[in-house]
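**Student:** Handing you a structure now.
The values are calculated or read from the model by the stated rules, or taken from the named source; none is laboratory data. None of these values were measured; they are calculated from a predicted model. So basically every Cβ, Gly included, is an ideal-geometry build from the backbone, and we count neighbours across all protein chains shown. Please note that ligands, DNA and RNA were not included when accessible areas were found on the heavy atoms of the full protein model with its side chains. Shrake-Rupley method; radii C 1.70, N 1.55, O 1.52, S 1.80 Å.
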Amino acid sequence: MGDLLKEEDLDHWRKTHNSSEISPAIGDREVVIMGWVSSVRDHGNIQFIILKDMAGETQVTAKKSEVGEQLFAMIKEVKEHSSICVKGKVRPQEKAPNGVEVVPTEIRAFSIAQKAAPFMTQGKTSPVGIDTRLDLRAVDLRRNYLGSVFRIRQTVLNSIREFLSRQQFMEVSTPKMIATATEGGAALFPIFYYDREAFLAQSPQLYKEQLTMAFENVFEIGPIFRAEPSRTNRHLSEATSIDVERAFADYNDVMSLLERMIVNIVDSIKERNKADLQFLEISIPALELPFPKYTYSDLIDKLQEAGERIQWGDDISPQALKSLSDERMNGFYFIVDWPASAKPFYVKPSSADPKISESFDLMFGPLEMSSGSTRINRKDQLVERMQKQGLKPESFDYHLRVFDYGMPPHAGFGMGLERLLMALVKIENIRDATFYPRDIDRLAP
Ligand code: ATP
Ligand code: MG
């Protein structure tokens, strides 16, 4: 191996263009491009480098006869994954990305890759297991596949913010270090908070409800922390929740809001991520409003007819749902009117039949996307529900006290961003829908 190519600093060098900006329209101007090397091909007297940056890729074409012996020899030393800079002239080339190639006049290596990555960055599938990739996640994220996934994630987030802002929702932030559990249960991470025990928030539930007192319509996009004991492909210990809460509304109103939000997201992806959808070979089918609705009780009947051993009051597992052959259940649909006993204390029981609640889950096939409901806005009712579920009202004093000052009727939902991405982009394992997944076995990187 030669040592012509040496690592150098950035110094005064700056990009003149991103790869997406390099087109035949530039003419034969000189450009400076920077990125990482996604592939090198050496054909003897001609070498090709594909340089990737945040916007795409550029082909760098070096013919010995054009670039001279010295530069040609340097380019021979360029290794995949290195961080480099190329100065050169743009020339039309039909077969290259964007219809151009760059003929180098100078090359500068910022950081030369010391090792070959254990996986390729092209292609949609990876021959190595997910753990190998996750151990080297930042390199893994250079894969074209994940690039498309996370560009779509960005569209999802932007589209949600745009949509909810148009509907006059205020984006809020609530504490992630909290004193008591939101919903009881054991799925909490205890932490040290000075000299006391505290917990990582499993949901912004109670805070977002409180904030409807002052702002009516609020949403938060933030982390939720859950000590999930089981290893599944749909649970993370740290997930991103899209939480929405609206005053003067019930569960039907927020279901309608949620389905319109989903349609808006899908439209935005179709418009802004054409190349990503094409690369992923995904066509998102047109969605029809309203989404189908099934009552919990009807589904239990159907499941029993299909031979599932399930009782009224049980949770409905993804496995059970797979036993139903209803085409409308392949896409988005709601399961509504869950047993009150199966839902957290703040969920409002139906006034007509207190055994059931004004609640819904948004599903995509067998996968739960979101849970929502009309909430209880009267203190005595809330205390009663807490007691029924074995929770101590005293430990929720900080929450209950604001109910003395006019809590509006309200409703809302929480939706998992990674789950939504799994549905939209057909991701099998939720770990690939987040940058640095956390699960029972993984706390690094
Ligand atoms: P599941 O039954 O699938 O475990 P859940 O009913 O316990 O979910 P909720 O408390 O209803 O979850 O949370 C609202 C939404 O947040 C869920 O519908 C899901 O999209 C997402 N979510 C909840 N827990 C997780 C998790 N551990 N990892 C990823 N997303 C999650
Ligand atoms: Mg749920």
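**Student:** Please work out if Phe364 is in contact (Cβ under 8 Å) with a residue 40 or more places away in the chain and surrounded by fewer than 21 Cβ atoms within 10 Å (Cβ to Cβ). Steps first, answer last, please.
**Tutor:** Values: in contact (Cβ under 8 Å) with a residue 40 or more places away in the chain: yes; surrounded by fewer than 21 Cβ atoms within 10 Å (Cβ to Cβ): yes.
The answer is yes for Phe364.
**Student:** If you check Ser351 against the conditions, is it within 15 Å of ligand 2 (Cβ to nearest atom), under 24 Å from Met255 (Cα atoms) and either of a type in the set (Ser, Thr, Tyr) or open to solvent by less than 50 Å² (accessible area, probe 1.4 Å) (or both)?
**Tutor:** Numbers: within 15 Å of ligand 2 (Cβ to nearest atom): no; under 24 Å from Met255 (Cα atoms): yes; either of a type in the set (Ser, Thr, Tyr) or open to solvent by less than 50 Å² (accessible area, probe 1.4 Å) (or both): yes.
Taking the combined requirement at face value, the residue does not satisfy it.
**Student:** Can you confirm whether the range 413-425 contains a residue that is basic (Lys, Arg), under 25 Å from Ser230 (Cα atoms), assigned by TED's automatic domain parsing to the domain that holds Arg226 and within 16 Å of ligand 2 (Cβ to nearest atom)?
**Tutor:** Going through the range 413-425, the residues basic (Lys, Arg) turn out to be 419.
Of the ones still in play, those that are also under 25 Å from Ser230 (Cα atoms) are 419.
In the following step, the residues that additionally are assigned by TED's automatic domain parsing to the domain that holds Arg226 were identified as 419.
This time we only want the ones that are within 16 Å of ligand 2 (Cβ to nearest atom), so: 419.
Looking through the range 413-425, at least one residue is basic (Lys, Arg), under 25 Å from Ser230 (Cα atoms), assigned by TED's automatic domain parsing to the domain that holds Arg226 and within 16 Å of ligand 2 (Cβ to nearest atom).
**Student:** Output yes when any residue across the range 356-367 is out of contact with any Ser or Thr (no Cβ under 9 Å at 6 or more places or on another chain) and within 12 Å of ligand 1 (Cβ to nearest atom), and no when none is. I'd like the intermediate steps shown before the answer.
**Tutor:** Pass one, the range 356-367, residues out of contact with any Ser or Thr (no Cβ under 9 Å at 6 or more places or on another chain): 364-365, 367.
Next, from what is left, pick out any that are within 12 Å of ligand 1 (Cβ to nearest atom): 364, 367.
The answer is yes; a qualifying residue exists.
**Student:** Let me ask another. Looking at Ser370, Ser350 in this structure, which one is under 30 Å from Glu327 (Cα atoms) and within 16 Å of ligand 1 (Cβ to nearest atom)?
**Tutor:** Numbers: Ser350 fails: within 16 Å of ligand 1 (Cβ to nearest atom).
Result of the check over Ser370, Ser350: Ser370.
**Student:** Kindly indicate the residue of the range 322-342 that is crowded, with 18+ Cβ neighbours inside 10 Å and either acidic (Asp, Glu) or modelled with pLDDT under 95 (or both) and also farthest from Glu384 (Cα to Cα) among those meeting that condition.
**Tutor:** Filtering the range 322-342 for residues that are crowded, with 18+ Cβ neighbours inside 10 Å and either acidic (Asp, Glu) or modelled with pLDDT under 95 (or both), the one farthest from Glu384 (Cα to Cα) comes out as Met329.
**Student:** Output the number of the condition that Glu238 fails; it satisfies all remaining conditions of (1) free of Cβ contacts under 8 Å to residues at least 12 places away in the same chain; (2) within 12 Å of ligand 1 (Cβ to nearest atom); (3) of a type in the set (Asp, Glu).
**Tutor:** Here Glu238 clears every test but (1).
**Student:** Which condition breaks for Lys392 when tested against (1) within 16 Å of ligand 2 (Cβ to nearest atom); (2) without any contact (Cβ under 8 Å) to a residue 12 or more places away in the chain?
**Tutor:** Exception for Lys392: condition (1).
**Student:** Identify, from the list Arg438, Arg419, the residue that is surrounded by fewer than 22 Cβ atoms within 10 Å (Cβ to Cβ), closer than 30 Å to Gly147 by Cβ and either within 32 Å of the chain's Cα centre (by Cα) or within 16 Å of ligand 1 (Cβ to nearest atom) (or both). Before the answer, list the steps.
**Tutor:** Details: Arg419 fails: surrounded by fewer than 22 Cβ atoms within 10 Å (Cβ to Cβ).
Matching residue, one of Arg438, Arg419: Arg438.
**Student:** Run down Asn233, Asn217, Asn273, Asn264 and say which single residue is in contact (Cβ under 8 Å) with a residue 12 or more places away in the chain and touching a strand residue (DSSP E or B) at 6+ places or on another chain (Cβ under 7 Å). Step through it out loud before you land on a result.
**Tutor:** Working: Asn233 fails: touching a strand residue (DSSP E or B) at 6+ places or on another chain (Cβ under 7 Å); Asn273 fails: touching a strand residue (DSSP E or B) at 6+ places or on another chain (Cβ under 7 Å); Asn264 fails: touching a strand residue (DSSP E or B) at 6+ places or on another chain (Cβ under 7 Å).
Of Asn233, Asn217, Asn273, Asn264, the one residue that is in contact (Cβ under 8 Å) with a residue 12 or more places away in the chain and touching a strand residue (DSSP E or B) at 6+ places or on another chain (Cβ under 7 Å) is Asn217.
**Student:** Please go through the range 291-321 and give me each residue that is away from ligand 1 (no atom under 14 Å from the Cβ) and open to solvent by less than 20 Å² (accessible area, probe 1.4 Å), ordered by number. Spell out the reasoning first.
**Tutor:** Of the range 291-321, the ones away from ligand 1 (no atom under 14 Å from the Cβ) are 291-295, 297-313.
Once the filter is applied, which keeps residues that are away from ligand 1 (no atom under 14 Å from the Cβ) and open to solvent by less than 20 Å² (accessible area, probe 1.4 Å), the range 291-321 yields Phe291, Tyr294, Leu299, Ile300, Leu303, Ile310.
**Student:** Go through (1) open to solvent by less than 60 Å² (accessible area, probe 1.4 Å); (2) not in a helix (DSSP H, G or I) for Met261 and report which single condition fails.
**Tutor:** (2)
**Student:** Filter the range 88-110 for residues that are open to solvent by 60 Å² or more (accessible area, probe 1.4 Å) and closer than 27 Å to His12 by Cα and give the result.
**Tutor:** Result: Lys89, Arg91, Thr105, Glu106.
**Student:** Looking at Ser359, Ser341, Ser323, can you tell me which residue is within 16 Å of ligand 2 (Cβ to nearest atom) and under 25 Å from Glu288 (Cα atoms)? Working first, answer last.
**Tutor:** Numbers: Ser341 fails: under 25 Å from Glu288 (Cα atoms); Ser323 fails: within 16 Å of ligand 2 (Cβ to nearest atom).
Answer to the selection: Ser359.
**Student:** Working only within the range 115-147, note down all residues that are within 22 Å of Ser83 (Cβ to Cβ), of a type in the set (Lys, Arg) and within 20 Å of the chain's Cα centre (by Cα).
**Tutor:** Arg133, Arg137, Arg142, Arg143
**Student:** Let me ask something else. Which is closer than 23 Å to Gly2 by Cα and either open to solvent by 70 Å² or more (accessible area, probe 1.4 Å) or touching a Leu at 6+ places or on another chain (Cβ under 6 Å) (or both), of Gln154, Gln168, Gln114?
**Tutor:** Selected residue: Gln114, the only one of Gln154, Gln168, Gln114 that is closer than 23 Å to Gly2 by Cα and either open to solvent by 70 Å² or more (accessible area, probe 1.4 Å) or touching a Leu at 6+ places or on another chain (Cβ under 6 Å) (or both).
**Student:** With under 21 Å from Lys426 (Cα atoms) and β-branched (Val, Ile, Thr) as the only criterion, which of Ile265, Ile224 stands out? Explain how you work it out, then say what you get.
**Tutor:** Numbers: Ile224 fails: under 21 Å from Lys426 (Cα atoms).
Residue meeting the stated conditions: Ile265.
**Student:** Kindly list the number of the only condition in (1) farther than 30 Å from Thr125 by Cα; (2) not in a helix (DSSP H, G or I) that fails for Ile427.
**Tutor:** Just one mismatch for Ile427, condition (1).
**Student:** Moving on to the next point. When only residues in the range 169-205 that are at pLDDT 90 or above and among the hydroxyl-bearing types (Ser, Thr, Tyr) count, which is farthest from Ala247 (Cα to Cα)?
**Tutor:** Step one: filter the range 169-205 for residues at pLDDT 90 or above, giving 169-178, 188-205.
Checking the rest, the ones that are also among the hydroxyl-bearing types (Ser, Thr, Tyr) come to 173-174, 193-194, 203.
Numbers: Ser173: 18, Thr174: 18, Tyr193: 33, Tyr194: 36, Ser203: 19 Å.
Looking at residues that are at pLDDT 90 or above and among the hydroxyl-bearing types (Ser, Thr, Tyr), I get Tyr194.
**Student:** Residues in the range 194-206 that are of a type in the set (Phe, Trp, Tyr) and open to solvent by 80 Å² or more (accessible area, probe 1.4 Å): how many?
**Tutor:** Taking the range 194-206 as the starting set, the residues that turn out to be of a type in the set (Phe, Trp, Tyr) are 194, 199.
Still in the list and also open to solvent by 80 Å² or more (accessible area, probe 1.4 Å): 194.
So the count comes out to 1.
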